[in-house]
Structure formats: structure tokens, C-alpha cells
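The values are calculated or read from the model by the stated rules, or taken from the named source; none is laboratory data. This structure is a prediction, so every number in the text was calculated from the model and none was measured. Positions of Cβ are backbone-derived with ideal geometry, glycine not excepted, and every protein chain shown enters the neighbour counts.
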Amino acid sequence: MTVYLSGHLKSFSNGKLEVSLGGDFATVGDALDSLWKLHPSLRDRVLNEQGEIRQHVNVFVGSDDVKHLKGLATRLNSDELHIFNAVSGG
């Protein structure tokens, strides 16, 4: 599993924009738990105090936004996750 991070997160992942995770993961939450073990400070940037994905953070499994699926319980059907800030404005 490879997790791709946007540039604003690299200061919380030892400068890495790609993090390889060993093992098999059933859900997005399982993969992120493994990511937090490697880079604990990422957790507070991605999840809120209730343990849910922050409003202005997007997490994609392949090309699917997990917020439109089952959030952290979304089943993994890809070997990559993408985490980046939502783009807003007008």
C-alpha cells in the first residue's frame, strides 16, 4: 500500500510525499492506523477530535472519495491512498 500526501503534509512525514505501508489492510481506517504508527503527527492533520476525516481534507482510494462512501470503514479496492487538502474558493 502506498499513501500519497500533498505538500502541506510532508513536514509531518519526515519530508516524504509517498509512504509505503507493509501489510494487507481491509479498510481505509486500517491503513491509516498503520500510517499513524510511522508518522503520528499526521493523525491530527487528517482526523478531527471525533476521529473522523477533517472537513477540508480529502482521502481517496484510487479515484473514489471515501467521504462519499463509508469514510474510514471504506473497503480498500486499490493499493494506494491519496490524502490532500480540499480546494475551495470562488
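Quick notes on this one:
- Subset of segment 5-38 [surrounded by 15 or more Cβ atoms within 10 Å (Cβ to Cβ) and closer than 17 Å to residue 61 by Cβ]: 5, 19, 21, 25, 27, 28, 29, 30, 31, 32, 34, 35
- For segment 16-26, the count of residues that are modelled with pLDDT under 95 and of a type in the set (S, T, N, Q) is zero.
- Options 65, 33: the member that is under 12 Å from residue 84 (Cα atoms) and either free of Cβ contacts under 8 Å to residues at least 12 places away in the same chain or aromatic (Phe, Trp, Tyr) (or both): 65
- Given (1) part of a helix (DSSP H, G or I); (2) more than 10 Å from the chain's Cα centre (by Cα); (3) among the small types (Gly, Ala, Ser); (4) closer than 12 Å to residue 3 by Cα, index of the condition residue 22 fails: (1)
- Extreme residue, nearest to residue 77 (Cα to Cα), among residues of segment 1-17 that are of a type outside the set (Val, Ile, Thr) and touching an Asp or Glu at 6+ places or on another chain (Cβ under 9 Å): 1
- Selection status of residue 30, of a type in the set (D, E, K, R) and either touching a His at 6+ places or on another chain (Cβ under 6 Å) or assigned to a helix (DSSP H, G or I) (or both): yes
- Scanning segment 34-68 for residues that are in a loop (DSSP other than H, G, I, E, B) and touching a strand residue (DSSP E or B) at 6+ places or on another chain (Cβ under 8 Å) turns up 39, 54, 56, 62.
- Filtered residue count, segment 39-64, keeping only those that are surrounded by 15 or more Cβ atoms within 10 Å (Cβ to Cβ) and within 20 Å of residue 8 (Cβ to Cβ): 12
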